[in-house]
Structures are given as C-alpha cells and as structure tokens.
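A short worksheet on the structure shown next.
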Amino acid sequence: MASATADFGIDVFAKYKPIALDPANPKLSEQQKADLLSNIAVLRDTIVYFTSSGAARGVSGHTGGPYDTIPEVCILEAFFLHSSEKFIPIVYDEAGHRVATQYLLSALHKHIPFEHLLHYREANSKLPGHPELGLTPGVQFSSGRLGHLWSFVNGVALANPDKTLFMLGSDGSQQEGDDAEAARLAVAQNLNVKIIVDDNDVTIAGHPSDYMKGYSLAQTLKGHGLTVFETPGEDVDKLYASICTAVTHNGPAAVICKRKMAPGIKGLEGTTHAHDVIPVKIATEYLKERGYDKAVEKLQAITPNSLAYLYTGSTQEKSANRVVFGEAVVSVLEGLSKEEARDRVRVIDSDLEGSTGLSVIHKQRPEVFLSSGIMERGNFSAAAGFGSTKDRQGIFSTFSAFLEMIISEITMARLNLANVLCHFSHSGVDEMADNTCHFGLNTYFADNGLIDGDTTRLYFPADANQMRATVAKVFWDQGIRLVISTRAKVPLILKEKSEEPFYGKGYEFAPGKDEFIRTGTAGYVVTFGEMVYRAVDAVDRLRSEGLDVGLINKSTLNVVDEEAMRKWGSTGFVLVLESLNQKTGLGSKLGTWLLERQLTPKYKYIGTTKEGSGGLGEQIFHQGLDPQSVIKAVRSLQ
C-alpha cells in the first residue's frame with residue numbers, strides 16, 4: 001500500500017526509518033550509521049524541496065540553517081524514541097528563522113500532512129516565518145527573536161530537574177547578550193541543558209570570522225563555565241559521539257558543530273546566500289540530481305500570489321524606503337572628505353546592512369562603516385558613545401521589532417546627551433512573512449524621555465522623496481532621532497487629481513509639522529508612513545462620493561503641531577490610521593492631545609490588533625488596515 005507521502009514529491013514515510021539510539025553508547029553500529037545517514041539525506045532533501053516553495057511563491061524564507069542542523073535533529077529524535085522519559089522531547093531552537101525544522105517535525109509526527117509544507121510562509125497557511133505556539137499543529141514553542149530562547153529553556157529545566165533538555169543554537173544567535181546571561185545561570189544552577197550549536201561561519205551580512213575578529217564560540221561558552229565539545233558537524237560518527245558525551249555529562253554542556261553552511265548544495269555551500277531561501281533554479285537542479293522528478297514538477301507549478309488592488313493618488317512605481325535611507329545618508333556625506341567623514345560619522349551595523357539600507361553606505365563610504373555582529377544593545381550604545389560630542393553623529397540601524405531590546409540603552413544615550421541617528425526598518429506588519437515576533441509595533445516605547453527638554457524625535461516618511469528630505473534635514477540635529485521605514489516598498493504620494501509628486505521639487509521637510517495631503521471640512525484621517533498611500537486611496541474615493549474628508553501625514557510622530565491640530569481637530573471627526581500596535585501607537589495618544597486642547601471631534605483609531613496571518617501584503621488586510629476598511633471606519637463616524 002502506498003504511504004501517506006507517496007504523492008508529496010518525496011516519499012518521506014517510505015524512506016525515513018525511525019530508529020532508537022541510546023546516548024549511553026557513543027558508538028554507532030554499521031546499521032545504525034547507515035539508517036541515520038539515510039534519514040539525514042531524505043530530511044535534508046525535504047527541507048530543500050518545501051523551503052524552495054517559498055521562493056517560488058515569492059514569500060522568501062530560509063533554507064541553509066534548517067538544512068544544516070538535520071543531523072543533530074535526527075540524533076535527538078532517535079534519543080527521544082529510545083528513552084523519552086529521560087528528556088523533554090522538544091527540539092528547542094533559538095534561531096526562529098530555522099522554522100522549517102519545526103514544520104518538518106510536525107509533518108514527521110503526523111500533526112500536519114507533508115503536502116501542506118508546500119505552503120511554507122504562505123498567507124493563512126499557519127506556516128509563518130517563525131514558530132508560534134498555538135498556531136501550527138505540532139509546534140511546541142515560540143522561538144521569538146534570534147538568541148532569546150535559552151533563558152526560557154533554563155526555566156523549563158528548573159521546572160523539570162529530572163529531565164535533559166536540548167536547544168539548537170547558532171554562531172549568529174549566540175552573539176546576542178541574552179545568551180551570556182543564560183549561560184551563566186545554567187552553569188550556576190547546574191541545569192541539565194544541552195546546547196547544540198551550528199557553527200557554520202555565516203550570518204545574513206557576512207562571515208563572523210571576518211567581521212568579529214577574536215570571537216570564538218568555544219572560548220566564550222567555556223568562559224561562562226560550560227563544558228564544551230567541538231566536533232565536525234558532517235562526520236556523523238564524531239557528531240553522534242560528541243552529543244552522547246554531552247548528554248551523559250552532569251550539567252550544562254555545549255556541542256559546537258563545525259561545518260560549512262548548506263553542505264552539498266551546489267552554488268550555495270559556504271555562502272551567505274545559503275542563509276536565505278534556496279532559489280528555485282538551484283533547488284530544481286538539486287532535486288533532479290536525486291531523482292525527485294515529481295517534486296520538481298510540483299515546485300515549478302507554484303506561482304507567486306498577487307493582491308490585485310489599484311491604488312489611486314499614488315504612483316504605480318514603488319521604492320524601498322529602507323534602501324533610500326542609506327542612499328540619503330550617502331548624499332549627506334558627499335560634502336565631507338574621507339578624513340572628515342571618518343572623524344565625524346560612524347555607522348554601526350548589526351548584521352542587517354542589506355536589509356536596512358546600510359549596505360549602500362558600506363559600499364560607497366566604507367571609511368565610516370563598521371560591520372558588527374548581532375548585538376543590538378552594544379552596537380546602539382557604541383554609536384551613542386561615538387556621537388557623544390556635538391560635532392559627531394553615530395548611526396545605528398536594525399529592524400523595528402528589535403527597538404524593544406534597546407530601550408534602556410536609549411535612556412543611557414539620552415542621559416549622556418548623545419547624538420544617534422537611528423534607522424528602524426521593517427516597521428508595522430506590511431509584507432512581514434516572519435510574522436508576529438518580527439512585527440515592528442511598539443515604536444513609541446523609544447519616546448520615553450521626560451517632557452522637560454527632551455529632543456527625541458520619531459520620524460516616519462511616507463515615500464522615497466520625503467525620506468530623502470527627512471534625512472537631509474535631521475542628519476546633523478542633536479539628540480536621538482528615529483527614522484522609520486517598512487520592509488515593503490511604497491509609491492510616491494501624488495497631489496490631488498494630479499500626476500505631480502506631493503513631495504516634489506523644492507520640498508523641504510519641516511520637523512514637527514503635520515502636512516495636509518488633502519484638505520477637508522467634514523473630518524480628517526491622520527496617518528503616517530506606509531499607511532499614507534493607502535489612506536490617500538480611501539480618502540480620494542470618499543471625496544469622489546461627496547464626503548469632504550481631509551488627510552494628514554503626521555510624519556513627526558511625537559510632536560504636536562498646535563496650529564495644524566487646531567484646524568483638523570475642529571472638524572467633525574478624526575480617524576487615526578496606523579500599522580503600529582493599537583495599544584501603544586499614535587491613536588492611543590492623540591485622543592488625549594485633542595482633549596487637552598478642548599477639541600472634541602468624534603474619534604476612532606485603528607492599528608494592528610491581531611497576531612499575524614503570514615504572507616506579505618495580506619497582513620494589511622488581515623489587520624483591517626486596507627483602504628476599504630478605512631472607508632468603513634470613516635463611515636462609522638458619520
């Protein structure tokens with residue numbers, strides 16, 4: 001009888017053989033080794049296959065990390081089968097982008113069908129870019145952000161002192177400061193936690209051996225007091241023996257698996273590109289070489305999803321503001337010689353230069369650029385220290401979600417009167433396939449200084465032209481300035497009934513000033529950032545139906561423009577539209593600002609309220625932030 005995976009493209013259940021291995025015996029028999037190698041091969045093939053469906057569908061993903069760690073996962077699965085009573089049978093992983101491992105295990109344990117894996121990262125598939133407890137059947141934990149899980153696993157160990165726990169780590173995730181604290185606690189309490197680290201010398205932006213000279217995983221973990229075993233990750237005999245020794249060791253231990261990233265994948269092995277999703281072309285060649293013709297056929301039949309909505313009031317062409325930020329910085333630096341720029345400006349990257357626009361600066365003005373690791377707290381503070389005199393500027397950038405990690409450091413920088421220009425990209429939810437834990441929602445957490453003399457400013461430009469103007473205007477300002485952008489591209493905003501850009505020739509950004517994109521008498525929509533072009537569409541449609549509604553771009557998020565507020569706040573209604581957290585965003589504040597000025601329009605605010613749906617632009621519709629939802633919200637205020 002055919003297995004349940006006969007039509008999947010890879011007949012996993014026909015090929016995979018559950019085996020039980022006793023960690024007390026560190027030597028594999030020839031049969032055990034053959035079975036283990038066979039299991040590793042079929043599961044690695046499966047990772048390549050279904051993660052490449054993310055590339056085919058246009059939702060991206062990550063292949064190299066989960067592919068790498070399959071040997072360790074197969075060994076742990078064999079331990080759990082042999083003596084589950086000795087372990088917490090969960091393969092914890094502090095690198096959430098390796099979520100393909102968790103989905104593969106869910107399918108292997110029959111919580112989800114293997115066929116469903118071909119919807120990896122697709123909207124509403126319940127297979128988002130990071131594991132989320134309670135969303136995907138079979139997933140047993142939420143990884144959260146990179147390098148944040150070990151302390152949590154320590155707590156599970158404290159609650160289960162008679163069990164052994166495992167957590168997969170990586171040379172990237174171990175750069176996070178949380179792991180240092182977790183290591184010290186594990187050692188101090190002699191917790192039976194075993195860390196298995198994939199040391200492949202690859203992170204998003206480069207190789208740690210290049211940009212983190214002196215950084216040694218083994219020496220770092222030994223310094224915290226862990227017992228450390230280094231082993232070649234692709235030598236299954238040595239890998240198995242090392243993991244067995246770590247398991248039988250009393251107390252915390254780490255196994256560091258040395259390997260090139262994506263071993264055996266032609267065109268990707270050892271490269272930074274292997275960190276991301278495998279391209280369909282490379283995956284197709286890989287699968288064909290192994291005889292998976294049906295898998296290739298299924299993969300080639302997958303096409304990108306499209307959201308067919310024609311926006312009015314903005315251009316069809318779009319630009320990535322996260323990239324424009326870097327270009328704008330380069331433009332400012334054109335007026336400085338290399339020597340002066342090196343003396344006055346320092347750009348510190350946290351392994352995200354390609355994602356946050358800093359790669360443009362790295363390429364064109366390398367004298368100001370510093371490649372650093374996945375150490376947001378330390379990197380921000382280093383930028384602040386550099387900018388601690390009036391004539392210098394530190395520049396720091398990371399994802400908006402990670403702003404929550406540096407709140408204390410922002411306070412320290414403020415106390416030291418530091419100048420830091422911060423770029424937080426990937427704000428909100430738009431095109432955030434990594435899903436809930438990567439949503440950039442709580443930007444206002446950074447606005448935590450005392451009112452007396454605080455110069456912290458939050459800027460969220462609406463399009464590429466305004467981004468350039470914003471950076472040019474605020475670059476040399478004193479204090480902490482946050483410039484915010486999204487992962488998704490945005491169009492240029494147009495003047496009403498015109499093809500002329502609203503932020504066109506001659507525009508100069510005025511910090512603290514609200515901008516009237518459309519002037520109305522009935523009421524106003526107040527918004528910013530990537531929601532402006534969506535609001536323009538909604539407002540223009542309402543105006544064409546006879547409702548004289550106006551639109552404000554509040555690109556400075558944390559300053560009240562008294563004159564403008566008096567005007568738009570005196571109309572019949574105000575609707576705040578944002579993709580930030582509805583509990584902590586602009587809408588939660590602006591109502592108070594209105595009442596303090598005795599302005600009492602009908603008031604409503606909409607923002608992000610739900611956990612993510614996965615996918616790309618679908619996230620906006622899922623949250624009810626699309627133009628038709630805006631129109632409905634405005635109508636509710638009539």
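Extension gain for ARG635-ASP235 works out to 137.5 nm (0.36 nm per residue, less the C-alpha to C-alpha distance). With helices as the sole contributors, the chain gives -10500 deg cm²/dmol at 222 nm; each DSSP H run of n ≥ 4 counts as -39500 (n - 2.57), and the sum is divided by every residue. Legend: ranking of residues HIS82, HIS275 from fewest to most surrounding C-beta atoms inside 10 Å; resulting order HIS82, HIS275.
What pairs from LYS338/LYS495; LYS222/LYS288; LYS163/LYS213; LYS363/LYS489 go past 32 Å between their alpha carbons? Going by Cα-Cα distance, LYS338/LYS495; LYS222/LYS288; LYS163/LYS213 fall outside the 32 Å limit.
Enclosing the Cα atoms of the chain in their convex hull gives a volume equal to 161 cubic angstrom per residue.
Modelled label positions at GLU562 and LYS604, each set 7 Å beyond Cα in the direction of Cβ, lie 3.2 nm from each other. Rounded to the nearest Hz, the phi-derived 3J(HN,Hα) couplings of the range 426-442 under the Karplus curve 6.51 cos²θ - 1.76 cosθ + 1.60 (θ = phi - 60°) are 6, 6, x, 10, 5, 6, 9, 5, 5, 6, 3, 5, 10, 5, x, 10, 10, where x marks glycine and proline. Here the range 42-67 is scanned for amide nitrogen atoms under 12 Å from the site 7 Å beyond the Cα of LYS15 along Cα-to-Cβ, giving 42-50. Between GLU297 and THR248, what FRET efficiency comes out of the Förster formula 1/(1 + (r/R0)^6) with R0 = 45 Å and r the beta carbon distance, rounded to 0.05? About 0.45, to the nearest 0.05. Residue-normalised convex hull volume from the C-alpha trace of the range 85-192: 97 Å³ per residue.
Each of the peptides 464-473, 216-225 was scored by the mean count of other Cβ atoms within 10 Å over its residues; in descending order, highest first, they stand as 464-473, 216-225. List the residues whose amide H sits under 5 Å from the amide H of LEU580, counting only those 5 or more places along or on another chain, with H placed 1.01 Å from N in the peptide plane. Placed amide hydrogens put THR608 under 5 Å from LEU580.
By count of other Cβ within 10 Å, fewest leading, how are SER173, SER544, SER60 ordered?
Listed from fewest to most nearby Cβ atoms, that is SER544, SER60, SER173.
Counting other C-beta atoms within 10 Å, which of VAL156, VAL368 has the fewest, and how do the rest follow?
Going from least to most buried by this count: VAL156, VAL368.
May I ask for log10 I(q)/I(0) of the range 12-300 at q = 0.14 Å⁻¹, from a Debye sum over the Cα atoms as equal point scatterers with solvent left out? Log10 of I(q)/I(0), two decimals: -1.00. Return the aspartates and glutamates within reach of LYS294: Cα separation strictly under 19 angstrom, same-chain partners fewer than 8 residues apart disregarded; answer none if there are no such residues. Partners found: ASP7, ASP11, ASP45, GLU115, GLU285. If you take all other residues with their beta carbon under 11 Å from the beta carbon of LEU336, and give Lys and Arg +1 and Asp and Glu -1, the sum is -1. Restricting the calculation to alpha carbons of the range 314-635 gives Rg and Dmax of 19.0, 59 angstrom.
Based on the Stokes-Einstein relation at 10 °C and a viscosity of 1.306 mPa s, and on the Kirkwood radius from alpha carbon pairs, the range 266-403 is assigned a translational diffusion coefficient of 86 µm²/s. For the residue pairs LYS110/LYS298; LYS473/LYS554; LYS281/LYS610; LYS17/LYS260; LYS110/LYS281, the alpha carbons lie more than 24 Å apart in LYS281/LYS610; LYS17/LYS260; LYS110/LYS281.
Read-outs: derived from the displayed coordinates by stated rules, not from any lab. Quantities reported herein were computed from a predicted structural model and do not represent experimental measurements. All Cβ positions, even for glycine, are placed from backbone atoms using ideal geometry, and neighbour counts span all protein chains on display.
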